[in-house]
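The values are calculated or read from the model by the stated rules, or taken from the named source; none is laboratory data. Just so it is clear, the model here is predicted, and its values are computed rather than measured. Glycine gets a Cβ as well: all are built from the backbone with ideal geometry, and neighbour counts include every protein chain shown.
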Amino acid sequence: MDIRIEIEKEHSKKMALKVSGYILESPKRFADLLDLFLSEDSEDYELVQRSAYVISHCCDRHPAFVKKYAVPLIDSLAMKQKRHVAAKRNVLRVLGDCAIPKKKQGFLAQFCFDKLYDRKETVGVRIFAMKILYNISNDEPDLKPELKLTIEEFITGESAGFKSCGLKILKKLKREIP
């Protein structure tokens, strides 16, 4: 199976499950998928969107991929080329369920705060950024007060999903901040 050809055929859950199943048969194929996703030459939004969707399915079914490939996934957030919002959303979603390498916590925390502050950013990206910031704050407790203030500032006038996630995190932060 040629991963790129399969991904280019259609954007569907069926395709993502088929390709992720193929990749999971031989986990070294995940590196090929990641190369496709990270290609700086690719300005094909659909290819990036679809490969991000497959990455998400692979990581859901094999969480060890996130740990093994966390650094390149985090680095993909710093790519200068314009990328499909699905790339950010799916990368942040899978990173929300793993321990962030210490050497990348500073960059990722700044990236996530920037996304959380940006009301023009999609709700999904902002919610996953909030979750990652909370997870990082467990390693870096000095972030907890800033995160609490930021969520309190931005929760008014937001979507139900944002409010729900924000209130859950605020409840935890209020117990954790002395």
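Quick notes on this one:
- In segment 109-123, the residues that are closer than 16 Å to GLY96 by Cα and either touching a Lys or Arg at 6+ places or on another chain (Cβ under 8 Å) or polar (S, T, N, Q) (or both): GLN110, LYS115, LEU116
- Exactly one residue out of THR150, THR122 is of a type in the set (S, T, N, Q) and in contact with a Leu (Cβ under 9 Å, 6 or more places away or on another chain): that is THR150.
- Answer residue from segment 138-157, given it is closer than 15 Å to LEU116 by Cα and touching a Lys or Arg at 6+ places or on another chain (Cβ under 8 Å) and is modelled with the highest pLDDT among those: LYS148
- Checking each residue in segment 119-158 for being part of a loop (DSSP other than H, G, I, E, B) and loosely packed, with under 13 Cβ neighbours inside 10 Å picks out ARG119, LYS120, PRO141, ASP142, THR156, GLY157.
- Spans of helices (runs of 4 or more DSSP H) in segment 1-118 with at least 3 residues in the same structural domain as ILE132 (by TED's automatic domain parsing) and surrounded by 17 or more Cβ atoms within 10 Å (Cβ to Cβ): 102-117
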